[in-house]
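The values are calculated or read from the model by the stated rules, or taken from the named source; none is laboratory data. This is a predicted model, so every value here is computed, not measured. Cβ coordinates were reconstructed from backbone atoms using ideal geometry, including for glycine residues, and neighbour counts include every protein chain displayed. The accessibility values were calculated without ligands, DNA or RNA, using every heavy atom of the protein model including side chains. Shrake-Rupley method; radii C 1.70, N 1.55, O 1.52, S 1.80 Å.
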Amino acid sequence: IVFFISKENFLLLSIPLLLSVLYLSIFNFKHLFFVIVFLTPLSMSLMDLGISVADTEMAFPTEPLLFGLMLLTIFKIVYHFRLFQKVVKHPITTIILLYIFWMIVTSVTSSMPFVSFKVVLSRLWYVIPILFMGHFVFKNHKNISYFFIIYAVPLAGVILYTSLRHSFYFFDKASAHYMMSPFFNDHTSYGALIAFFIPLLFYEFINKKAGSFMKYFLLVVLLVFILGFILSFSRAAWISLFLAMIFMLILKLKINIRWIITSAFSLLLLLFLFQEPIINKLSENRQDSSDNLIEHVTSLSNISTDASNMERINRWKCAIAMFVERPFFGWGPGTYQFQYAPFQVGSDRTIISSNSGDAGNAHSEYLGPLAESGFLGLLTFLILVIVVMIKAINMYYSPRHHKIKGLLLAIITALMSYFIHGLFNNFLDTDKASVPVWGVVTILITIDLYQSKNKSSNHHFADNFS
């Protein structure tokens, strides 16, 4: 070991970890599953670790572990398909598989096939092990809580690390963008994941017995998350959680869903009819992002001088232009950042615009698939989001046990915050977001499969939450 360190060959130091993973994959995949969950908030890119492997960039050690767990999962599906039948036949799983299938098709027609197939492979190791192995893990109700806590505790450590570094810069906005490095690329993904876990941690906190050590521990973790949420300076995270909480209150107060849908469509219609005066009004806002929290929130609607907002609009316009040129198959998964530069209009460019293919993606979970996989790419993802949310809401109104309702309400709020955040950014191409988001979707599928059984089974599952 000393010899390898002296030669700066740190990759070989991972051999003990690999042997441990091999042991867990053979004798206890559940422990391997939770090892991956725990390591995800702490993962770092190979570049940050100073490791170069054939010009391949990935999150270490989670992505190699996910790849190994994916192979194990495929092996188990092939040899024990009967055990996975119910999961495969679930409507949410069917749509996820259709979404991935279309990504594979558009990788064949891609403008950069090698890039696209690498992206599809990474999407497979994000989804397959979490979805199929996760289902068996979450059959034990206690593992649902473990999943939330095992991810949240190391993330709380990252928040404390980030906040400490940030304090040396007096918590100013400019430094908030990169204080979470090397664990997160920027403050947007960092803020999105904190927002995602706040409803889940709040559920865990209120669900624990008063006076217990775990309740006090979760209170401390929750307060750390709230601190990180505020200091993230991520406006998209703030607005997404705020809107998700409003949606949660609507569900809690049992306001008629039809009325909500009608109101939403009416609002969209008004925005479309009066788009010109609205844009003119927004153009009058000159408040740039600021250290002042009130001013920072106000800058959200500044589309005239705020570089971040203007660049986001630039990326969205490029995505739409790319879709217009290749409407059916798109340009191929993962190709947006390499192909969007020629579609930039001079008047839309900002001081942070780039032609180098190294400045990120479409900044949208919806427009990204539109540009990269065409109309059907967007459609399959939209159907997935809609089906997940409708299924979750129907399940929330159907169970009788109040603790299952509490869990479902927390899941709905967390997913809603992420799907709203998806309007402004996209992170499902990273391990940080994929593990918790697909994990929570898997929890939803598992609960639904339990509820589809007879009444006694349903009550037994509910009683497990007591």
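Just a few scattered comments:
- Residues in region 112-122 that are over 21 Å from residue 440 (Cβ atoms) and crowded, with 16+ Cβ neighbours inside 10 Å were compared, and the one that is farthest from the chain's Cα centre (by Cα) is 112.
- Number of residues in region 56-89 that are surrounded by fewer than 20 Cβ atoms within 10 Å (Cβ to Cβ) and either at pLDDT 95 or above or more than 21 Å from the chain's Cα centre (by Cα) (or both) equals 20.
- When residues of region 407-466 are limited to those that are in a helix (DSSP H, G or I), closer than 23 Å to residue 146 by Cβ and among the hydroxyl-bearing types (Ser, Thr, Tyr), the one modelled with the lowest pLDDT: 457
- Matching residues in region 158-191 - criterion: being farther than 21 Å from residue 414 by Cβ and among the hydrophobic types (A, V, I, L, M, F, W, C): 160, 164, 168, 170, 171, 174, 176, 179
- Qualifying residue in region 384-406 (condition: modelled with pLDDT of 95 or more and hydroxyl-bearing (Ser, Thr, Tyr)): no
- Annotation for region 351-358: no member residue is at pLDDT 85 or above, out of contact with any Phe, Trp or Tyr (no Cβ under 7 Å at 6 or more places or on another chain) and on the phi < 0 side of the Ramachandran plot.
- The set of residues in region 162-209 that are aromatic (Phe, Trp, Tyr) and over 26 Å from residue 243 (Cβ atoms) comprises 168, 169, 170, 178, 183.
- The residues of region 176-220 that are open to solvent by less than 10 Å² (accessible area, probe 1.4 Å), under 17 Å from residue 154 (Cα atoms) and out of contact with any Lys or Arg (no Cβ under 8 Å at 6 or more places or on another chain), listed by number, are 180, 190, 191, 192, 194, 195, 196, 197, 200, 201, 204.
- Of all residues making up region 123-142, the number that are open to solvent by less than 10 Å² (accessible area, probe 1.4 Å) and touching an Asp or Glu at 6+ places or on another chain (Cβ under 8 Å): 1
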